[in-house]
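Structure first, then comments.
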Amino acid sequence: MVQSKLRKRSAPKGNNLKSREILPISPTPPLPYSPTSLLGANLTQLTEWVQQRGQPAYRGRQLYQWIYQQGARSIGEISVFPKQWREAQADVPIGRSALHHHSVAPDDTIKYLLRLADGQIIETVGIPTEKRLTVCVSSQVGCPMACDFCATGKGGFTRNLARHEIIDQVLTVQEDFKRRVSHIVFMGMGEPLLNVENVVGAIKSLNEDVGIGQRSITLSTVGIRDRIRQLAQYQLQVTLAVSLHASNQTLRESMIPTAKNYPLKAMLAECREYVELTGRRVTFEYILLAGVNDLPEHAEELAAQVKGFQSHVNLIPYNPIQEADYQRPTTKRIQAFVAALKKRNIAVSVRYSRGLEADAACGQLRQSKVKS
Ligand code: SAH
């Protein structure tokens, strides 16, 4: 069985907590599980479930293994169970989605279109390297944030994903690549902090039931007021990535309409609290748009904003989308931006997205494209 990698964190480093006005840490909020599917339930819940249906407890562990390790898609195929009992449970959904389509990019990145039980389509990306298999997962069908440079944002919002619909994406990639998934990034469709309970529930299950280390999971958010603080209270060991994208409030509002309701200053203050409460450094993502936010003065301003933070700046050169007319900066410009940050002692890296040819790169996922 996969052992839990969840560890309780001790109090965060630094003793300046008392002097700042922050919310006290409440105990980890409960995560009610209301099963619409078996996927997402833990060993105890599955054991109770089989016992309620007249089976001995050890069948719970069998069910658990078949769901999380063997990729069972229906009770019917779990051959270790008595045939009659299997047939009686035939209508119970495990919660796996159907593969609608997939496309492979020349760099071996694979984009999957998955069809959910209600017919909605979501996108998931598998990104292999020699040492890693990373899954870029969606947290919503569409996205309500409407960021100006993002294809998902241009397509509107349909609904939140359920816990099992998030876990399913990881299992699908793992099964297709016939290789263990090592890393997960919540950078597909949707804003994860608008779906906190299901996202945190999925993270816990991916950690405890699928066996993926929390430190290998990154949650990316554009920032929702009070939600970074809420996330901190779950005491997870995941990496928080914040889509900053601009070095000042005015510029940020021009790219991210929802930034109007959540000033940069307030967001950075919450990020600071996150670092203090979790002891984890934050990654700031910064999309580079030629002539918009990639000038030397932006680098200088950005450095001042994140100075003193336990953080890392991740520059993402813009991936062109049809619906926007931004440009990706030249390599020279990108390098100059990196140098300007380094000069100011800011930890920085550039992330060139993979999967561009399969429309599988950052920000390119868009449900409406795939309905044909
Ligand atoms: N809603 C979350 C996660 C989804 S997008 C968030 O905003 O963080 C994951 C990352 O891809 C974000 O940093 C997002 O800003 C970036 N992104 C979106 N569109 C992009 C594009 N066209 N080119 C490059 N990066 C993009």
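The values are calculated or read from the model by the stated rules, or taken from the named source; none is laboratory data. The structure presented is a predicted model; accordingly, all values stated were derived computationally and were not measured. Every residue, glycine as well, gets a Cβ built from its backbone with ideal geometry; the counts of neighbours run over all protein chains shown. For accessibility, only protein heavy atoms count, side chains too; no ligands or nucleic acids. Shrake-Rupley method; radii C 1.70, N 1.55, O 1.52, S 1.80 Å.
Structure above, values below:
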read-out	value
Long-range HN-HN contacts of Ile287 with modeled amide H, under 5 Å	His245, Ile316
Summed residue charge, Cβ within 13 Å of Tyr262's Cβ, Lys/Arg positive, Asp/Glu negative	+2
For the range 78-89, 3J(HN,Hα) per residue [Karplus equation, 6.51 cos²θ - 1.76 cosθ + 1.60, θ = phi - 60°, Hz, x = Gly/Pro]	7, 5, 6, 8, x, 4, 4, 5, 4, 5, 5, 9
Most mobile of Lys111, Lys83, Lys307 in a GNM of the chain (Cα contacts under 10 Å)	Lys83
Amide hydrogen neighbours beyond the local backbone of Arg159, cut-off 5 Å, H modeled	Val141
Karplus-derived 3J(HN,Hα), 6.51/-1.76/1.60, for each residue of the range 147-152, Hz, glycine and proline x	4, 5, 9, 10, 5, 4
Residue-normalised accessible area of the chain, given per residue in Å² at a 1.4 Å probe	45
Set of aspartates and glutamates with alpha-carbon distance to Lys83 below 16 Å, sequence-local pairs under 8 removed	Asp91
Alpha carbon centroid spacing (whole Å) that separates the range 334-357 from the range 114-148	25
Inter-centroid distance (Cα atoms) of the range 55-87 relative to the range 161-207, Å	23
Accessible-area composition of the chain, carbon plus sulfur, in percent [1.4 Å probe]	51
Expected 222 nm ellipticity per residue - DSSP helices of 4 or more, -39500 (n - 2.57), all of the chain, to 500	-8500 deg cm²/dmol
Along principal axes, Cα extents of the range 29-95, largest first, whole Å	40, 22, 21
